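**Student:** Please see the structure below; I have some questions.
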Amino acid sequence: MHAEGQKRHTQDGSQLVQLMKSVGRGLKTVRAVDVGCGDGIMAHEMLSLGRATHVTALDLSPSAVTAARQNLSPALANGRAEVWCIDAAKFFRSKTHWDKFDRFVINPPFFVERSGRPNKNLKDQWARHDGKLKLRVWAVGARHLLKTGGELYCVFPTERLTELIVELSRNHIEPKELWWFKSDFRKRRVFLRAIRGAKPGLVIHFDY
């Protein structure tokens, strides 16, 4: 099920999930938070592909949350997922969620607020421009929510890569791996894995 008015999915979310390490077949618990989950497809893939054992999915849009709850209904029924209709910044501020997550996953709005042409569809505008969910807001949120050693995975525009690395480093989340996919000929999107509290050291994968 898709959220009302939502455009067709890009491959970004699926590619991001593919980059995550499997949780393995042991008893290890890996709790992930999917920020701006949309219709829950990325959360569903994390669970079905063994990238997390439990996912907390957040979105501000009631229609997106309705779709996510339907797409994640089996996981909700067996306690492997929960879906919140909430402003992510409010979730970040609640200390009850701090240091609880092993993975923080976000496919955020790419563009700075008021940059480029405005979109007539308000939901598309929310998805494309950062508004309340600015980089500095979710970077601080990741610092609060992640355990020490927890991983952040995100997709971001290459033209804002310096801004991304500086903001994460400021919050003690160290970038560890960058990927550019062959299919992205102009290398417009960069995929990043970072670790809270890690030592510096970055591996770059071109034409992955």
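**Student:** Can you pull the one-decimal nm distance between simple spin-label points at C85 and A198, each 7 Å off the Cα toward Cβ?
**Tutor:** Label-label distance for C85 and A198, simple model: 3.7 nm.
**Student:** How far apart, in nm, are two points set 7 Å out from the Cα along the Cα-to-Cβ line at K147 and at D207?
**Tutor:** Each label point is offset 7 Å from its Cα along the Cβ direction, giving 3.9 nm.
**Student:** With the cut-off at 31 Å, tell me which of the pairs K90/K182; K21/K90; K147/K182; K134/K199; K100/K187 have Cα atoms farther apart than that.
**Tutor:** Check vs 31 Å cut-off fails for K90/K182; K147/K182; K100/K187.
**Student:** Could you calculate the contour length gain from R93 to K187, that is, 0.36 nm times the residue separation minus the distance between their Cα atoms, to one decimal place in nm? Intermediate values should be presented prior to the final figure.
**Tutor:** Working: separation 94, 0.36 × 94 = 33.84 nm, distance 3.42 nm.
Contour length minus the Cα-Cα distance gives 30.4 nm.
Just so you know, all these numbers are worked out from the coordinates, no wet-lab data involved. These numbers come from a predicted model, not from an experiment. Cβ: placed from backbone, ideal geometry, glycine included. Neighbour counts: every protein chain shown.
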